[in-house]
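**Student:** Just passing along the structure, written as C-alpha cells.
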Amino acid sequence: MAELPVPVWPRIDPSEAEAEFDVLLNGGVDEATDLVNLSVDSVRFYETGAFRVDSAKLGDLREKVIRLASHYGFPSAIVKDNKLEFDRELALVFAQEMPMLEVEASLAQVWNFLTLRVLPDVAIWRWPGNEPSAKAEVEGGRQRVHRLKLVRRNVFRQAWFRQDLLGVEACKVFEEDEFVQLTDRITLLGNSFLSQIIAQEAIRTKRRNGYNREVLRRGLRLVGQACGRIAVEALSRDVVSRMIADCFDRAFVEKSKTGSSGSNKNGPDCSGARPSIESSRQPPPSGNLSVVEEDYLRLAGDHRRMVMNTLGACDFKEARYLLERSSDVLRGNFRPHRSRQLSARLEMLIENWASLTMSQQSVAASALRISAYNTQTETTNRFKDLNVPERVINAAYMALGM
C-alpha cells in the first residue's frame with residue numbers, strides 16, 4: 001500500500017498574527033477557547049503543496065491534544081510538576097498526528113496558525129500569565145511571549161522537533177535537561193544522519209546501571225570529537241553506530257574513574273584566583289596560526305577581528321578563573337535557560353584542559369575571554385546580547401571537533 005504524501009499545513013503571516021497574539025496574550029483560557037477557528041478557507045498554504053491539511057484533520061488533532069491536556073487538569077491551572085510530563089507526551093501526540101516536512105516546520109507561519117487558531121487555549125493554559133516563570137526575562141523579552149510567539153522557542157514547535165529529531169522512544173525516557181543536552185549537541189553537529197543513532201545509543205546508555213547525566217554529557221562530548229571532522233555520511237550505519245556506542249562506553253569508564261559526582265577538575269583548585277589576564281595570555285606568532293585557529297577565525301564570521309585579538313593559550317589557573325567569571329556574568333542575566341546552556345558548554349571546553357594542544361587551548365581560551373569580558377555593558381555586569389558569545393562558542397566547538 002502506497003504511503004500518503006506528507007501534507008502541507010495552513011499558515012498565518014507575522015503581520016496578520018501580531019494582532020491575534022495581542023488578544024491571546026491578554027486573556028485567559030476561556031477567552032482563548034473563543035479564538036479557536038479551524039476553517040482553512042482563504043488561509044495560506046505552501047503554493048505547490050498538492051495534499052493540504054483540512055479542517056477535519058485539524059479538529060482531530062485538537063481533540064487529541066485537548067484529551068491529553070485534560071489528563072493534566074485542563075482547563076484548570078496546570079500543576080508545576082506536570083508541565084514537563086505534558087510536554088513529553090505532547091511530542092508523542094505530534095509524532096502520530098502531525099506529519100510535516102522539516103522545512104515547513106521551521107517556519108513561524110505554521111506555528112502561528114497552530115497556536116492562534118487550533119490550540120490557543122492549550123497554549124495559554126501551558127504558559128499562563130500569572131506565574132513568575134512566565135514573567136521571567138529571556139533573551140530580552142518575556143518568557144511566556146517567547147514560548148508562544150517566537151518560532152525557535154514556540155511550545156508546540158519544540159514538542160514537534162523533539163520527536164522528529166530524537167524519535168518517539170527518546171520522548172518517553174529522557175528528562176528535560178537531557179533533552180537540552182541531546183538537542184544542543186545534535187543541532188551543533190548539523191547532521192540529520194547522526195541524530196537517530198545518537199538518540200538510540202543515548203537511550204541504551206540511560207538504561208545501564210550506574211547511569212547519570214554526567215555520563216550523557218561526557219558521551220556527547222566524545223561524540224562531538226569523534227564526528228566533528230569526518231564525513232559520517234560516507235560510512236555505513238553499522239560503522240557509525242559502533243563508533244557512537246564506543247563514545248558512550250568510554251564515558252562510563254571516565255565517569256567511574258572520577259566518581260559519580262561528575263567532578264573532574266583537570267588541575268588544581270583555583271577558586272578565588274585572580275590572575276592577570278593579559279600577562280598570562282600567550283598570543284600566537286603573527287601570521288603563524290594553526291589550522292584549528294584558522295578554522296575558528298573562519299567560523300567566527302563577523303566576530304573574526306574580536307576573536308583574533310583574544311587568541312592565545314593560557315594555563316589551567318586562568319582558564320578556571322575565566323570560566324568562573326563567565327558563569328557569574330551569565331547568572332546575572334534574566335535569561336536562565338539559554339544562560340545555563342552557555343555556561344555548561346563553556347565548562348566542557350576546559351574539561352580536559354591538560355590534553356589539549358597549545359592551539360586548542362588558544363581557541364578555548366578565546367571563547368572564555370570573550371564570554372567573560374567582551375560583551376558586557378559599560379555600567380553593568382550583564383550581557384548586551386547573548387548572540388555574540390553563543391556564536392563564538394559554536395565556532396570554538398566546531399573548530400575543536402566537539
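**Student:** Would you please list the contacts, defined by Cβ atoms under 9 Å and residues six or more apart or on different chains, that run from a residue in segment 336-362 that is farther than 30 Å from R144 by Cβ and without any contact (Cβ under 8 Å) to a residue 60 or more places away in the chain to a residue that is surrounded by fewer than 18 Cβ atoms within 10 Å (Cβ to Cβ) and acidic (D, E)?
**Tutor:** Q361/D315
**Student:** Among (1) free of Cβ contacts under 8 Å to residues at least 24 places away in the same chain; (2) under 17 Å from P7 (Cα atoms); (3) aromatic (F, W, Y), where does F94 come up short?
**Tutor:** (1)
**Student:** Can P75 be described as of a type outside the set (D, E), outside the structural domain of V180 (by TED's automatic domain parsing), closer than 20 Å to W160 by Cα and surrounded by fewer than 19 Cβ atoms within 10 Å (Cβ to Cβ)?
**Tutor:** Judged against the criteria, P75 is not a match.
**Student:** While we're looking at this one, here's another question. Working only within segment 211-233, note down all residues that are at pLDDT below 80 and part of a helix (DSSP H, G or I).
**Tutor:** Answer for segment 211-233, where residues must be at pLDDT below 80 and part of a helix (DSSP H, G or I): G224, Q225, A226, C227, V232, E233.
**Student:** Same structure, new question: Anything in segment 1-35 that is under 30 Å from the mean Cα position of the chain (by Cα), within 25 Å of P75 (Cβ to Cβ) and assigned to a loop (DSSP other than H, G, I, E, B)? List them, or say none.
**Tutor:** Listed by number, the residues that qualify are P10, I12, N26, G27, G28.
**Student:** For segment 312-402, give me every one of the helices (runs of 4 or more DSSP H) that falls completely inside it and has 2 or more residues that are modelled with pLDDT of 80 or more and within 21 Å of G301 (Cα to Cα).
**Tutor:** 336-349, 358-369, 387-400
**Student:** I need every pair where a residue in segment 99-117 that is closer than 15 Å to Q163 by Cα has its Cβ under 6 Å from the Cβ of a residue that is surrounded by fewer than 19 Cβ atoms within 10 Å (Cβ to Cβ), sequence separation at least 6 or different chains.
**Tutor:** Once the first residue is closer than 15 Å to Q163 by Cα and sits in segment 99-117, its partners that are surrounded by fewer than 19 Cβ atoms within 10 Å (Cβ to Cβ) give P99/V6; L101/V6.
**Student:** Hey, S42 hits all of (1) part of a loop (DSSP other than H, G, I, E, B); (2) surrounded by 18 or more Cβ atoms within 10 Å (Cβ to Cβ); (3) not aromatic (F, W, Y) but one; which does it fall short on?
**Tutor:** (2)
The values are calculated or read from the model by the stated rules, or taken from the named source; none is laboratory data. Note that the structure is predicted; figures quoted are calculated from it, not measured. Backbone-built Cβ (ideal geometry, glycine too); neighbour counts: all protein chains shown.
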